[in-house]
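K.L.:
The structure's right below; bear with me while I get my questions together.
The values are calculated or read from the model by the stated rules, or taken from the named source; none is laboratory data. Since this is a predicted model, take the numbers as computed values, not measurements. So basically every Cβ, Gly included, is an ideal-geometry build from the backbone, and we count neighbours across all protein chains shown.
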Amino acid sequence: MTKFLLALIGLSSTLTLSAQNCYSADILYNQTNNKSINIAISNYDLEDGNTFYENAEEAEHKGDFNTALTLFGKAAFEYNVVRNLNRYAQCVTKMSQMHYQLGRFIDAEQILLNVALKSYSKLSNRVGVMDTYSRLGKVYLAMNKTTQSLWFYSQQGILAQRLNNNNSYIESILGIVSVKIKKRDFTLAKRDLNRVEFLARSIKSTQYAGQVSDARSLIDARTTALKK
């Protein structure tokens, strides 16, 4: 694990303490009639965070994931300073995605588990938690840890049902299909694909047709290869 990642996890663990200290500072400013100074500093940090985030997205779109990772990290720091936990959580999630793109799956895993998931939990943001489950399923699949991947995709599906989020529920099943294909459980994978098609028809969606078709083709190819 990189030193930067350790620092990020430490930053997350001290987020509440930082907020308390800043709150005390706010009281001090109010007592000395310097409230405007504190607001000006906060706005400056927020603008810096927004600028770093926008530049990071530009770098990401260009495929420069290392630069994007650095800029998302800087944005996360600025959002932490102004106690904007929502934006902070978005930044660290983006950082995990950059690590994933760079093939650094352990770093991506640690950020998602130790920073993003905890941040969304503090916010009681169940959509954020659900998205993190999905990302962890994908990361563990890339690491060939099928048991963990299956568990997180399943948790995504359970939460999606509670939130009545049909799209996320279907995506969780597609994630489970990927795990079963990896494990060569082709019969079970095909059953899940049939389920995806049924659910997609029930919500009149065609957006998953391509993924279903690709999965079926992959199953056929691997089944044929095993017979040779």
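Residues checked against (1) within 13 Å of LEU136 (Cα to Cα); (2) not small (Gly, Ala, Ser):
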{"site": "ASN80", "(1), (2)": "no, yes"}
{"site": "ARG83", "(1), (2)": "no, yes"}
{"site": "HIS99", "(1), (2)": "yes, yes"}
{"site": "LEU112", "(1), (2)": "yes, yes"}
{"site": "ALA116", "(1), (2)": "yes, no"}
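K.L.:
Would you mind stating whether PHE152 is aromatic (Phe, Trp, Tyr), over 25 Å from PHE105 (Cα atoms) and at pLDDT 95 or above?
P.N.:
On the way: aromatic (Phe, Trp, Tyr): yes; over 25 Å from PHE105 (Cα atoms): no; at pLDDT 95 or above: yes.
No, not satisfied.
Residue-wise test of (1) in the same structural domain as SER134 (by TED's automatic domain parsing); (2) touching a helix residue (DSSP H, G or I) at 6+ places or on another chain (Cβ under 9 Å); (3) crowded, with 20+ Cβ neighbours inside 10 Å.
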residue	(1), (2), (3)
PHE152	yes, yes, yes
SER172	yes, yes, yes
GLY175	yes, yes, yes
VAL179	yes, yes, yes
SER202	yes, yes, no
ALA215	yes, yes, yes
THR224	yes, no, no
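K.L.:
Could you check segment 124-215 for helices (runs of 4 or more DSSP H) lying wholly inside it with 1 or more residues that are without any contact (Cβ under 8 Å) to a residue 12 or more places away in the chain?
P.N.:
Working: elements: 126-142, 146-162, 166-182, 186-202.
Because the criterion is at least 1 residues that are without any contact (Cβ under 8 Å) to a residue 12 or more places away in the chain, the helices (runs of 4 or more DSSP H) in segment 124-215 that meet it are 146-162, 186-202.
K.L.:
Among the residues of segment 49-80 satisfying the criterion of being touching a residue at least 60 places away in the same chain (Cβ under 8 Å) and not polar (S, T, N, Q), which is surrounded by the most Cβ atoms within 10 Å (Cβ to Cβ)? If you could, list the steps in order and put the result at the bottom.
P.N.:
Our first condition is that a residue be touching a residue at least 60 places away in the same chain (Cβ under 8 Å); within segment 49-80, this holds for 73, 76-77, 80.
Checking the rest, the ones that are also not polar (S, T, N, Q) come to 73, 76-77.
Values: GLY73: 21, ALA76: 28, PHE77: 18.
Selected residue: ALA76.
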